[in-house]
Every structure is written in C-alpha cells, then in structure tokens.
Amino acid sequence: MLQQSWLLLQPSGAPADGELAAQIVEAAQNLQDCRARHGSHNIPAVRAALALVTGDVAGRDRLPEDSWESLPTARNDWRRAVFEYAPDQPVVVPGFADDQEYRYYVALARRETLTPPTAFRLVYDAYTLPKLYQAYSDDAPVPPGINVFDLHPYKFLNGKPADVRSQRKGPFGGPRPIGSRFGPQNMVVCGWALRALRADPSLWDTAQARITKPHYFPPAGTQDVIAALERELGGGLRTWEAIFDSKGYVPTGLGAGSCGAGFAWDELSDTGGYAHLISAASQWLLYLEG
C-alpha cells in the first residue's frame with residue numbers, strides 16, 4: 001500500500017499530494033522501525049518500500065533478487081508437498097499468496113521491472129500452487145479462483161493429500177472449507193504472470209533450458225500455462241462474482257461455520273477478500289487491454 005500510494009502521489013506536483021507523499025515516507029520509516037523493535041529488521045517488502053520512498057539507491061541495490069542459479073532451490077510448496085517431502089512428515093499447504101506478492105513488489109522497488117528469473121518464478125508459482133487444492137478435490141472439479149481457507153490448513157503426507165474431498169473431513173462433516181485469501185491472491189499473481197509471458201513469450205522455454213532439476217517442471221508447455229492462468233484469473237472473477245451475487249458480500253470463508261456454530265467466518269463480509277479481487281480485476285483488465 002505504501003509503495004503503490006507513493007508511486008501515485010510522488011510525481012503529482014499538487015501541494016496536497018506532496019503532503020501525503022511526505023506522510024508515506026514517514027509511515028515507511030515507522031514501519032521499518034516497528035519491525036526492527038520486534039526483532040525483524042530485515043523484511044524485504046518493508047525495506048523495499050522504505051528504500052523506494054526515501055530514494056535510497058544503495059538500499060534498493062541490497063534488496064534480494066532471484067537468479068537462474070537460485071531458482072532450483074527456491075521454495076515452491078507444490079514441489080515441497082509432492083516431491084521434496086520427508087517421509088511421514090506432513091507438509092502444510094500455504095493459506096496465502098503473500099510471499100509471491102511480496103516478491104513482486106520487492107522486485108519492482110529494486111529494478112522498476114521484473115527480471116526474467118523473478119518473472120518466471122511468479123509464473124511458476126501461480127501455475128503450480130493451485131494443483132495442491134485440485135489434488136485434494138478428488139470428486140469434483142475445482143472452480144477457478146477457489147482454494148484453501150487459511151484457518152483450516154490442508155496437509156500433504158508422503159506426496160499426497162492427507163485427506164481428500166470425497167472423504168468429507170471438514171470441520172462440520174462436509175468438505176474442507178474454502179476462503180477468500182489464497183484463491184483471490186493467486187488470481188492477482190496470475191495477472192502479473194500473464195503479462196510477463198506476453199512481454200516474453202519464450203520465458204517458460206528459457207526456464208526449462210536453464211533449470212534441469214528433476215521433478216521441477218510439470219508436464220506443460222507455454223500455451224498450457226497461459227490457458228491455466230487465464231482460466232484461474234478470468235474464470236475466478238466470474239466465480240467470485242457469483243458468490244457475491246448469491247450472498248450479497250464476499251465472505252471470509254465458505255463452509256467454515258456460521259455464528260450459530262460458534263464461528264462467524266461464513267457470515268463476515270471481509271475487506272481482505274474485496275482488496276484482492278479488486279486487484280485481480282485490475283490485472284485482468286490490464287492484460288485484456290494490453
């Protein structure tokens with residue numbers, strides 16, 4: 001929020017916008033100071049905003065950056081769950097796409113663009129991570145844009161889901177609940193990924209030539225990846241539009257329980273869900289309009 005707001009206000013020239021931009025600089029410093037006092041002085045997304053708004057070129061140069069050499073060992077939860085697991089040790093599936101969003105903004109703060117390795121990693125995560133929930137849903141296709149509920153984490157064990165949808169092992173006897181976090185967040189990442197592939201149509205092929213690690217790539221070519229990303233983002237917007245039309249709001253969770261059961265998740269109209277969907281819709285328009 002700080003980074004995007006500063007980019008909007010900084011070139012304006014209007015006195016009121018200049019005052020707001022100055023407050024954003026102060027806010028970025030306060031955020032960094034707060035994190036440092038709590039023992040986390042080196043959070044890249046926080047440092048990125050501060051370095052950008054203060055014009056700290058050296059600070060921007062020190063931000064982390066992906067490379068083709070680092071990607072084979074960079075964390076990806078699809079590989080962790082399906083191939084790189086320790087025997088009999090559960091792997092928790094992520095409930096957010098925070099890491100991918102942080103990585104995007106850090107990259108922009110560092111170079112004002114995406115390098116090919118960073119762009120590919122966003123494409124790779126956006127394409128592979130939905131496969132985890134799809135593996136859980138063994139008896140029904142997963143609607144685009146739908147994924148886990150962060151407060152009811154899913155696990156994989158020995159390369160497979162610890163339980164599957166047909167077993168109906170949710171908190172209330174039905175399927176596990178879904179949420180308005182990971183699915184819509186990943187839709188945003190899909191938008192960035194689609195635009196990266198449009199800017200460099202050879203990106204996926206280049207990565208396959210540079211990364212030879214076993215089990216790294218799912219069996220897919222560039223057009224398969226593009227089709228899947230378009231479905232997840234464009235179709236996901238229709239999915240959540242239907243949910244909104246049905247309920248009158250975007251809920252925190254679906255199938256997670258109502259107030260009568262002691263949980264309010266299905267009955268809460270959640271700002272977080274709207275924020276990600278608005279961002280996803282913006283990315284879809286930018287992609288469609290070139």
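The values are calculated or read from the model by the stated rules, or taken from the named source; none is laboratory data. Only a predicted model underlies this, so the values are computations on that prediction, with no experimental measurement involved. Reconstructed Cβ throughout: ideal geometry from the backbone, glycine too, with neighbour counts over all protein chains shown.
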*Out of curiosity, is Phe120 touching an Asp or Glu at 6+ places or on another chain (Cβ under 9 Å) and touching a residue at least 12 places away in the same chain (Cβ under 8 Å)?*
yes
*On the given criteria, is Lys247 surrounded by fewer than 18 Cβ atoms within 10 Å (Cβ to Cβ), free of Cβ contacts under 8 Å to residues at least 24 places away in the same chain, basic (Lys, Arg) and farther than 22 Å from Tyr154 by Cα?*
yes
*Going by the structure shown, is Val225 in contact with a strand residue (DSSP E or B) (Cβ under 7 Å, 6 or more places away or on another chain), of a type in the set (A, V, I, L, M, F, W, C), touching a residue at least 12 places away in the same chain (Cβ under 8 Å) and crowded, with 16+ Cβ neighbours inside 10 Å?*
no
*Kindly indicate the residue of the range 4-40 that is polar (S, T, N, Q) and either under 25 Å from the mean Cα position of the chain (by Cα) or part of a helix (DSSP H, G or I) (or both) and also farthest from Gly55 (Cα to Cα) among those meeting that condition.*
Ser40
*Using beta carbons and a limit of 6 Å, which pairs, at least six apart or on different chains, have the first residue in the range 58-73 and farther than 13 Å from Pro116 by Cα and modelled with pLDDT of 95 or more and the second one part of a helix (DSSP H, G or I) and among the charged types (D, E, K, R)?*
Arg60/Arg110; Leu63/Arg110
*For the range 41-79, name all the residues that are in a helix (DSSP H, G or I), of a type in the set (Gly, Ala, Ser) and either assigned by TED's automatic domain parsing to the domain that holds Phe120 or surrounded by 14 or more Cβ atoms within 10 Å (Cβ to Cβ) (or both).*
Ala45, Ala48, Ala49, Ala51, Gly59
_Test result for Leu233, in the same structural domain as Asp150 (by TED's automatic domain parsing), closer than 18 Å to Tyr127 by Cβ and in a helix (DSSP H, G or I)_ = yes
*Pick out the one residue from Val142, Val123, Val106 that is in the same structural domain as Ala199 (by TED's automatic domain parsing), more than 20 Å from Leu277 (Cα to Cα) and in contact with a helix residue (DSSP H, G or I) (Cβ under 6 Å, 6 or more places away or on another chain).*
Val106
*In the range 7-40, how many residues are surrounded by 14 or more Cβ atoms within 10 Å (Cβ to Cβ) and either of a type in the set (Asp, Glu) or in contact with a strand residue (DSSP E or B) (Cβ under 6 Å, 6 or more places away or on another chain) (or both)?*
1
_Residue in the range 203-230 that is farthest from Arg80 (Cα to Cα), counting only those that are among the hydroxyl-bearing types (Ser, Thr, Tyr) and part of a loop (DSSP other than H, G, I, E, B)_ = Thr212
